[in-house]
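Q: Got a structure here, written out as structure tokens. Questions coming.
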Amino acid sequence: FWLSPGACGFRVRGASYLADRKKVAAHPPMFELVAVDLLELEEHLPAVCRLLPSVRASPAPFLFCVQLMVPCSPPVAMVFSWAAPMPVFGVPAADLIAQFEERQGPCPDHVAAFFRAFAEFVEGEGPEADARRNRSFKLIPTVNQGSWVIKQAVGTTPVLLGQKLATRYHR
């Protein structure tokens, strides 16, 4: 069972966080969570999402997938897929903002900031681009429903995933 948690009460750094250390309520996600797949694999497969029916049959113009591998035997992968409502890969931030404004009117500051950060995140290939991604891709864990022990074990401390785990990026 899975569902999109929306903003889920997350608090994130505000625009003036470096000066005032204040966090603000997160806005709803920019992309829609459309699939969560839990897979038991015969062998470690780092880019399994490209093979999933939920990905291959998606009508979305762009999917952003995150695959977490559990190092056990047999290997287990959990793949989360978010759909963008418009093509976003390889599109400059200014064009993404213009597309948004054509569809929905004036672009709020947080949306423009997301498009700038996203365009920078997907830009480039190779070790330098991956290192930049590792410095910005943050996971904020949370367990909404579960035992106290599980909630305490998972916690809610944000983590730069690529700084803690071996991370690969695929297109």
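The values are calculated or read from the model by the stated rules, or taken from the named source; none is laboratory data. These numbers were taken from a predicted model, which means no experiment stands behind them. Every residue, glycine among them, receives a Cβ derived from its backbone with ideal geometry; neighbour counts consider all protein chains shown. Please note that ligands, DNA and RNA were not included when accessible areas were found on the heavy atoms of the full protein model with its side chains. Shrake-Rupley method; radii C 1.70, N 1.55, O 1.52, S 1.80 Å.
Q: Could you please find all residues in the stretch 48-69 being under 19 Å from F137 (Cβ atoms) and part of a loop (DSSP other than H, G, I, E, B)?
A: None; the set is empty.
Q: Could you run through the stretch 117-147 and say how many residues are in a helix (DSSP H, G or I) and farther than 20 Å from F10 by Cβ?
A: Step one: of the stretch 117-147, the residues in a helix (DSSP H, G or I) are 117-122, 127-134.
If we keep only those that are farther than 20 Å from F10 by Cβ too, we end up with 119-120, 122, 127-134.
Residues in the stretch 117-147 being in a helix (DSSP H, G or I) and farther than 20 Å from F10 by Cβ: 11 in total.
Q: Might you check whether a residue that is open to solvent by less than 50 Å² (accessible area, probe 1.4 Å) and either in contact with a Pro (Cβ under 7 Å, 6 or more places away or on another chain) or in a strand (DSSP E or B) (or both) occurs anywhere in the stretch 25-32? Walk me through it before giving the result.
A: In the first step, residues of the stretch 25-32 are kept if they are open to solvent by less than 50 Å² (accessible area, probe 1.4 Å); the result is 26, 31.
From the residues that got through so far, the ones that are either in contact with a Pro (Cβ under 7 Å, 6 or more places away or on another chain) or in a strand (DSSP E or B) (or both) too are none.
Looking through the stretch 25-32, none of the residues is open to solvent by less than 50 Å² (accessible area, probe 1.4 Å) and either in contact with a Pro (Cβ under 7 Å, 6 or more places away or on another chain) or in a strand (DSSP E or B) (or both).
Q: Which members of the stretch 70-91 meet the condition of being over 19 Å from the mean Cα position of the chain (by Cα) and in a loop (DSSP other than H, G, I, E, B)? If you could, list the steps in order and put the result at the bottom.
A: Step one: of the stretch 70-91, the residues over 19 Å from the mean Cα position of the chain (by Cα) are 71-76.
The answer is P71, C72, S73, P74, P75.
Q: Please determine whether any residue of the stretch 85-93 is β-branched (V, I, T), more than 23 Å from I140 (Cα to Cα) and touching a strand residue (DSSP E or B) at 6+ places or on another chain (Cβ under 8 Å).
A: The answer is yes; a qualifying residue exists.
Q: Scan L45, L18, L3 and give me the residue that is within 19 Å of the chain's Cα centre (by Cα) and either surrounded by fewer than 16 Cβ atoms within 10 Å (Cβ to Cβ) or assigned to a strand (DSSP E or B) (or both).
A: L3
Q: Something else about it: Restricting the first residue to the stretch 16-33 and requiring it to be at negative phi, which pairs with a second residue that is assigned to a loop (DSSP other than H, G, I, E, B) and surrounded by fewer than 10 Cβ atoms within 10 Å (Cβ to Cβ) meet a Cβ separation below 8 Å and a spacing of at least six or different chains?
A: L33/L3
Q: Considering only residues of the stretch 125-152 that are under 20 Å from W2 (Cα atoms) and of a type in the set (G, A, S), which is surrounded by the most Cβ atoms within 10 Å (Cβ to Cβ)?
A: G146
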